[in-house]
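For reference, the structure discussed in these notes is given below.
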Amino acid sequence: MGLGGYPGDSMLDYVLGVARGRKVLHVGTAGMENPYAALDWYERLGASVLRFNPWPPEDLRAFTLAHDVILVCGGNTANMLAVWRVHGFDEVLREAWQSGIVLTGWSAGMICWFEAGVTDSFGPQLAGMRDGLGFLPGSACPHYDAEELRRPVYQRLVREGFPPGIALDDAAGAHYVGTELHAVVASSVNARGYLVAPGGEQALETRVL
């Protein structure tokens, strides 16, 4: 489940409600493994933490697959994906996804699951990145209502040949089952999800939690 921005309590309740259990793994690679963030997620959800610095746990696969939810934080998407691939975590995540573990996150933790995404990994000007994990087809853009450049940059990229996809306002989330969009939910009455194609954007039906 991709989240456009930092999740509030109602969004977290929704994520836990679709998971098979309540064991959460916090992956803070994109945010440089901030220890304060790890502590925050432990206090909020009792989340375990996965660190790759100075190295990942020896039992990375078993440790990861012992959880019900994998929560990926925001930050630098490109750096995060590079670290994951060096250690084979991309394949562990694919196995987790195929086994029914809920994969979720916001910002970098939203776009990483797609083939492509709009990112500030390379600078504040925003750019299209075609190096996602590719579990979900097409592209994704978070912070659609919160950052001035997001909407025009994403629409321009798609018009110019970037893969079409989904955009989420900060308080919205997109719930996929397999590779199919199941629902768009929001913790604010003003938040929406959108399909973005070369011809423009289409607002998606969004359920307020």
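The values are calculated or read from the model by the stated rules, or taken from the named source; none is laboratory data. Keep in mind that this is a model prediction, so the values were computed, not measured. Using ideal geometry, Cβ is built from the backbone for each residue, glycine included, and neighbour counts are taken over all protein chains shown. These area figures cover heavy atoms from the full protein model, side chains too; ligands, DNA and RNA do not enter into them. Shrake-Rupley method; radii C 1.70, N 1.55, O 1.52, S 1.80 Å.
The table below lists the values:
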quantity: Listed residues 7, 176, 72: farthest to the positive end of the dipole of the chain (Cβ charges); calculated: 176
quantity: When the stretch 76-206 is reduced to its Cα atoms, the Kirkwood hydrodynamic radius in Å; calculated: 14.8 Å
quantity: Average Cα contact separation per residue, the chain, under 8 Å, 6 or more apart, as relative contact order %; calculated: 21 percent
quantity: GNM flexibility winner over the chain from 93, 81, 126 (Cα, springs under 10 Å); calculated: 126
quantity: The chain - share of DSSP beta bridges that are antiparallel (%, nearest 5); calculated: 50 percent
quantity: Accessible solvent surface per residue of the stretch 1-119, calculated while the other protein chains remain in place, 1.4 angstrom probe, Å²; calculated: 43 Å²
quantity: Alpha-carbon radius of gyration plus Dmax, which is the widest Cα pair, for the stretch 50-153 in Å; calculated: 14.0, 44
quantity: Computed FRET value (nearest 0.05) for residue 182 with residue 127, which takes r as the C-beta separation and R₀ as 25 Å; calculated: 0.30
quantity: Charged-residue dipole, Cβ positions (Lys, Arg, Asp, Glu), the stretch 24-145 about Cα centre, Debye nearest 20; calculated: 100 debye
quantity: Accessible-area composition of the chain, carbon plus sulfur, in percent [1.4 Å probe]; calculated: 51 percent
quantity: Potential lengthening between residue 58 and residue 209 on full extension [0.36 nm per residue; Cα-Cα distance subtracted]; calculated: 50.4 nm
quantity: Sequence ranges 135-144, 156-165, ranked by mean other-Cβ count within 10 angstrom, highest first; calculated: 135-144, 156-165
quantity: Net charge of neighbours whose Cβ lies under 12 Å from the Cβ of residue 209, counting Lys and Arg as +1 and Asp and Glu as -1; calculated: -1
